[in-house]
1. Could you tell me whether any residue of segment 235-254 is closer than 29 Å to Glu35 by Cβ, within 15 Å of the chain's Cα centre (by Cα), in a helix (DSSP H, G or I) and of a type outside the set (Phe, Trp, Tyr)?
2. Can you find even one residue in segment 174-181 that is of a type in the set (Lys, Arg) and surrounded by 21 or more Cβ atoms within 10 Å (Cβ to Cβ)?
3. How many of the residues in segment 86-107 are out of contact with any Gly (no Cβ under 8 Å at 6 or more places or on another chain), farther than 17 Å from Leu159 by Cβ and in a loop (DSSP other than H, G, I, E, B)?
4. With the checklist (1) in a loop (DSSP other than H, G, I, E, B); (2) free of Cβ contacts under 8 Å to residues at least 40 places away in the same chain in hand, flag the one item Ile110 doesn't pass.
5. Pull out all pairs, ordered by first then second residue, where Cβ-Cβ is under 7 Å, the residues are six or more apart or on different chains, the first lies in segment 43-69 and is within 22 Å of Ala84 (Cα to Cα), and the second is open to solvent by 30 Å² or more (accessible area, probe 1.4 Å) and among the polar types (S, T, N, Q).
6. Restricting to segment 106-146, give me the number of residues that are surrounded by fewer than 17 Cβ atoms within 10 Å (Cβ to Cβ), out of contact with any strand residue (DSSP E or B) (no Cβ under 7 Å at 6 or more places or on another chain) and of a type in the set (Ser, Thr, Tyr).
7. Test of understanding: among Ile224, Ile239, which residue is touching a residue at least 40 places away in the same chain (Cβ under 8 Å), of a type in the set (A, V, I, L, M), open to solvent by less than 50 Å² (accessible area, probe 1.4 Å) and under 13 Å from Leu183 (Cβ atoms)?
8. Among (1) under 19 Å from Pro165 (Cα atoms); (2) surrounded by fewer than 20 Cβ atoms within 10 Å (Cβ to Cβ); (3) touching a helix residue (DSSP H, G or I) at 6+ places or on another chain (Cβ under 8 Å), there is one condition Lys55 misses while meeting the rest; what is its number?
Amino acid sequence: SAPPSAPASALLSADAAAPAPASDASTPPRVLALEGLTNFRDLGGYPGLQGRPVKWRRLFRSDQLGALTPADQQRLAELGIARAVDLRGVHERAAQPYALPGVAQYALHIEPTVVQRVQELLQKGSAPTPAETVRLMQDTYRAFVHDNAPRFAELLQLLLASDAPLVFHCTAGKDRTGFAAALILLALGVPREVVMQDYLLTNALYRPPFLASPSTPREVLEVIWFVREDFLDAALRQIDAEYGGIEPYLERVLGLNAAARTKLAQLYLQPPKG
């Protein structure tokens, strides 16, 4: 698993437990320590269009919310989270449902193709090699660009409808969520290298569940449970090759034209200074 290209300390605030008051000039913590989750974090603070930072405490990305403790639920309430967008597949969602008082849920199903493909191969008695698993992961990211575009378009429409604090998540908060976070940040004008740093933060945070699956080689699981630069790159290169960049892709495939991007910036970026 590739380490983040910038030190994690440069992207994480030292205090991961207590939120900074809104009036505090210091940077709020990006990573919020929760008992039932390991990959819950704020997308605030990254430099967007015209250097305007993404607003804090509006956009959160996470692993699945089914394991939230009562203390975690209280913490989310204190953050003012009003909307939860669930990117898990139908069976994943049914296996670990959740309900949060006062939080509207939106199910945008994206099925977990890599895990299914690995299981199919194991059932046939042929475990994939780590290199084959890497290729499966890259294919999954390329598929996000086309096959799952309607779901990501729906997510962007939810963002445009209101700036009420929103968390989006899948199961691990790394692949479907990672691509969604990249789209949102790129739409807000965050530089690609910063988007990649946010994506790679998963490797410093996420704690995979213990899976008693002796049939799956450990080196294959390590490919599945971590993120790599070449995974997200596979999708972004596909976008560049087919559409000539993120802006034409956002407009032609996800329905986010220049006016919509301007509105997104008004909702989620700090106002210009002066």
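The values are calculated or read from the model by the stated rules, or taken from the named source; none is laboratory data. Keep in mind it's a predicted model, so treat the numbers as computed, not measured. Here the Cβ positions follow ideal geometry from the backbone for every residue, glycine too, while neighbour counts run over all protein chains shown. What goes into the accessible areas is simple: the full protein's heavy atoms, side chains included, and nothing from ligands, DNA or RNA. Shrake-Rupley method; radii C 1.70, N 1.55, O 1.52, S 1.80 Å.
1. Our first condition is that a residue be closer than 29 Å to Glu35 by Cβ; within segment 235-254, this holds for none.
Checked against the condition, which is being closer than 29 Å to Glu35 by Cβ, within 15 Å of the chain's Cα centre (by Cα), in a helix (DSSP H, G or I) and of a type outside the set (Phe, Trp, Tyr), segment 235-254 yields no hits at all.
2. Going residue by residue through segment 174-181, those that are of a type in the set (Lys, Arg) are 174, 176.
Cutting the leftovers down to surrounded by 21 or more Cβ atoms within 10 Å (Cβ to Cβ) gives us 174, 176.
There is at least one residue in segment 174-181 that is of a type in the set (Lys, Arg) and surrounded by 21 or more Cβ atoms within 10 Å (Cβ to Cβ).
3. Number satisfying all stated conditions: 6.
4. Every listed condition holds for Ile110 apart from (2).
5. Partner pairs satisfying both residue conditions: Gly45/Thr27; Lys55/Gln270; Asp63/Thr38; Asp63/Thr171; Gln64/Gln96; Gln64/Thr171; Gly66/Gln96.
6. So the count comes out to 2.
7. Numbers: Ile224 fails: under 13 Å from Leu183 (Cβ atoms).
Checking each option against the conditions leaves just Ile239.
8. (2)
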